[in-house]
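Below: one structure, written as structure tokens.
The values are calculated or read from the model by the stated rules, or taken from the named source; none is laboratory data. It should be emphasised that the depicted structure is a prediction, and the values quoted were computed from it without experimental measurement. Here Cβ is always computed from backbone atoms with ideal geometry, including for glycine, and neighbour counts include all displayed protein chains. The protein model used for the area step is the full one, side chains on, heavy atoms only, and it has no ligands, DNA or RNA in it. Shrake-Rupley method; radii C 1.70, N 1.55, O 1.52, S 1.80 Å.
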Amino acid sequence: MLEDIIALQNKLFIQIPKSCIKDGLWRNLPPASKAVYPVICKHINAHGVCFPSEATISKFAGVTEKTVREGLAGLNDFPGYSRGKYITQRGHTAYRYILKPIRKDTKAISISHSFFNKYHWARLKPSGKCIYPILQYFSWWDCEVYKEVEGEDTLYDNCDIGDNPYPYRNYDFIDADWEHIAFFSGISIRSVNAAFESLVKN
């Protein structure tokens, strides 16, 4: 049963609206907030609500609980996000997190739950967490280029596999200039190389 649940979760994706990146909202978040925001997204239910503890957020974000609190504080003015206290049935203070659900026609980047479940996100350096959504934002897909790289025996023999080729390919492409990656991620251009190294390692 648990294995079935994990398998299902690994087929799910969090979504971050591309407007958050285009409008500079992601760039202006503190690094701690960039670490915890996708983890909040991972736990959100269909109604846009979740109840992870600071310890759970800490585990999946790869930061201390003190840094979690700093990251949550940095999200206070983030559009569509809110947090409120409540009292548990055991008499403890806890928090509920609310994210405005993303409309189906909203352009967004997607990150697999398995990236969090397998703790790849947690192991990234802060700079790696900063640039990963940006790489998704600037990534592009071209069937013919993919066939050139993978060879003609790829599943993309005729590039006619419907509107959602995602399950059939191993990667997208990115060739964005480092200066733009640095700008939209909110890190210095000197940190981009270390961020890439962290992503490759994890």
(message) Taking a ≥ b ≥ c as the square roots of the Cα gyration tensor eigenvalues, with a/c under 1.5 meaning rounded and otherwise prolate when a/b beats b/c, else oblate, which class fits region 1-128?
(response) rounded
(request) Go ahead and estimate [θ] at 222 nm for the chain from helices alone: -39,500 (n - 2.57) per DSSP H run with n ≥ 4, summed, over the residue count, rounded to 500. (result) -12500 deg cm²/dmol
(message) If I take the Cα coordinates of region 94-144 and project them onto the principal axes, what are the three extents in Å, biggest first?
(response) 51, 31, 19
(request) Give, to the nearest whole percent, the P(r) tail of region 70-154 beyond 20 angstrom, counting all Cα pairs. (result) 63 percent
(request) Give the ranking of His92, His180, His120 by solvent-accessible surface, highest area first, calculated with a 1.4 Å probe. (result) His92, His180, His120
(message) Treating region 16-56 as a set of equal point scatterers at the Cα positions, no solvent, please give the Debye-formula log₁₀ I(q)/I(0) at q = 0.34 Å⁻¹.
(response) -1.11
(request) Compute the accessible area per residue over the chain, keeping the other protein chains in place, probe 1.4 Å, unit Å². (result) 60 Å²
(request) Note down the net charge around Thr67, summing +1 for each Lys or Arg and -1 for each Asp or Glu among other residues with Cβ under 14 Å from its Cβ. (result) +3
(message) Tell me the carbon and sulfur percent of the accessible area for the chain, rounded to whole percent, probe radius 1.4 Å.
(response) 51 percent
(request) Sort out the exposed loop trypsin sites (Lys or Arg not before Pro) in the chain (DSSP loop, at most 16 other Cβ within 10 Å) and tell me the longest stretch that has none. (result) 12-89
(request) For Phe138, Phe115, Phe183, give the ranking by accessible area with the largest first, probe 1.4 Å. (result) Phe183, Phe138, Phe115
